[in-house]
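Bear in mind that the values in this text are calculations on the coordinates, not laboratory data. Quick caveat: nothing in here was measured; it's all calculated off a predicted structure. When we count neighbours, we look across all protein chains shown, and the Cβ atoms used for this are built from the backbone with ideal geometry, even at glycine.
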Amino acid sequence: MHFPKNSSMADISYICKRTVVSTKPVQPGKTHPLSALDRAMEHNRVRIVYYYRTPPGREVGEVTKRLRETISEMLTSFPMVTGRLQRNEEGQWVVKCNDAGVRMWLKSVDREKELKLVHWEDMFHKIYFWSTFYVQLTEFEEGGLAIGFSCTHLLADPICATMIIKAWADTSLLGEMPNPPLFHSSLPLIRPVNSINHNPYTHLINHYKSSLDNSTPVTNTKYTTIALLFTNPMVQASGLFWTCISNVKGRREGLVNMSICLDMRKILGLDEGFFGNCMVYNAVHGGISMDMKYQKLLWLHEDDRFSVLMGGCDHLICTNLEDVEPYSAMFEEGYAPVRVSYHIEPVSTEGQVLILPAPPEEGPLSRVVMVTLPENEVVKLCKDVLVLSFSLLS
């Protein structure tokens, strides 16, 4: 999130680090296999920050104490979250559900840059000891709480990450989990009815493989994120920012290459409670049919040696997250999130646009658009006439 340069910043006070395990032991020898879409996201990560007001008069530590208790209860339904990665006989990643726990950090701060509110550690050489999920609870001295959640994209997409926070909130507020997660050993590929006699879209698959093979190296460019309130759904928002960002990058004719990331759960006939990666990146070339999306999924199942590293992608990435429901995650009666931010890392070379639901009070058609670009391009974007017509969220 972008903060003004003259805003006062303070160091975060480190309180303690814990390893949180589930309240019920996992069955010995249990493992969780990963799908082709899971493995395609190996080098990426998801980070989310929820901001809450807290009841007046609460002592520092009082709110987080209850949350530390309920997260253990919630984790009994997510054995793969507390597990650790290991290779199977074919050399593919699987999760050993050994209840090794989730890393939790407790910190205190009055105000700081956003990514300091969500902890992350890159994979290190001793994979067995590396936690794939992290939680950070940060209490603000003047009241309020930030819940930072991060995970490897290998095990969960942003929708699944949102599902975990919602399950935790329900456990805290209701004492139960109304909608437990559903785990599948593999993605059920369901061919669209109208595509049975169609020829495979080999040109699309070959283009996708080529883009993965020829991805550019990750640079040291410094990126900045801004968030804007937009009163139109995904299609209008993505089109507008595609045009504005292309102008910022100096395109006088045509637009920069863009890939749109869409959730495939409905196309595959999966229940809303499905836990696992189910988002696919599609290059925008005059529209892509359902059957084309299916062919890309089919190729990933047949040849999953490639991992989509967003930091080396030369397309502007636009991710549709307008169907997630982060504002229903209420840990205490009457205290819903006041704001939620999402980050998918590393950022692609050309930048990233995330389209999210706005807080309910902004209306059902409102969206929050989080744009991440190189710093110099963000300055130009904020001066764009069209962008200036929307409100900048501080």
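Observations
- Taking a point 7 Å out from the Cα of residue 30 in the direction of its Cβ, the residues of region 84-102 whose backbone N falls within less than 16 Å of it are 84-85, 95-102.
- Residue-span extension gain [residue 229 to residue 328] - 0.36 nm each, minus C-alpha spacing: 33.7 nm
- Karplus (6.51, -1.76, 1.60) ³J(HN,Hα), θ = phi - 60°, over region 256-272, in Hz, Gly and Pro reported as x: 5, 5, 9, 10, 9, 9, 10, 7, 9, 4, 5, 4, 8, x, 8, 5, 4
- Over 32 Å between alpha carbons, listed pairs 65/116; 126/249; 17/249; 17/96; 30/113; 116/383: 126/249; 17/249; 30/113
- What the phi angles of region 147-155 give under the Karplus curve with 6.51, -1.76 and 1.60, with θ = phi - 60°, is a coupling list of 9, x, 10, 9, 7, 6, 5, 4, 9 Hz, glycine and proline written as x.
- Interchain or long-range residues, amide H under 5 Å from residue 232's placed H: 367
- Nearest-20 debye value, region 93-170 charge dipole, Cβ charges on Lys, Arg, Asp, Glu: 300
- Derived scalar couplings between HN and Hα for region 373-381 equal 9, x, 3, 5, 6, 5, 4, 5, 4 Hz in order, rounded to whole Hz, by the Karplus curve 6.51 cos²θ - 1.76 cosθ + 1.60 (θ = phi - 60°), x for Gly and Pro.
- 12 Å beta-carbon shell around residue 231, net charge (K/R +1, D/E -1): 0
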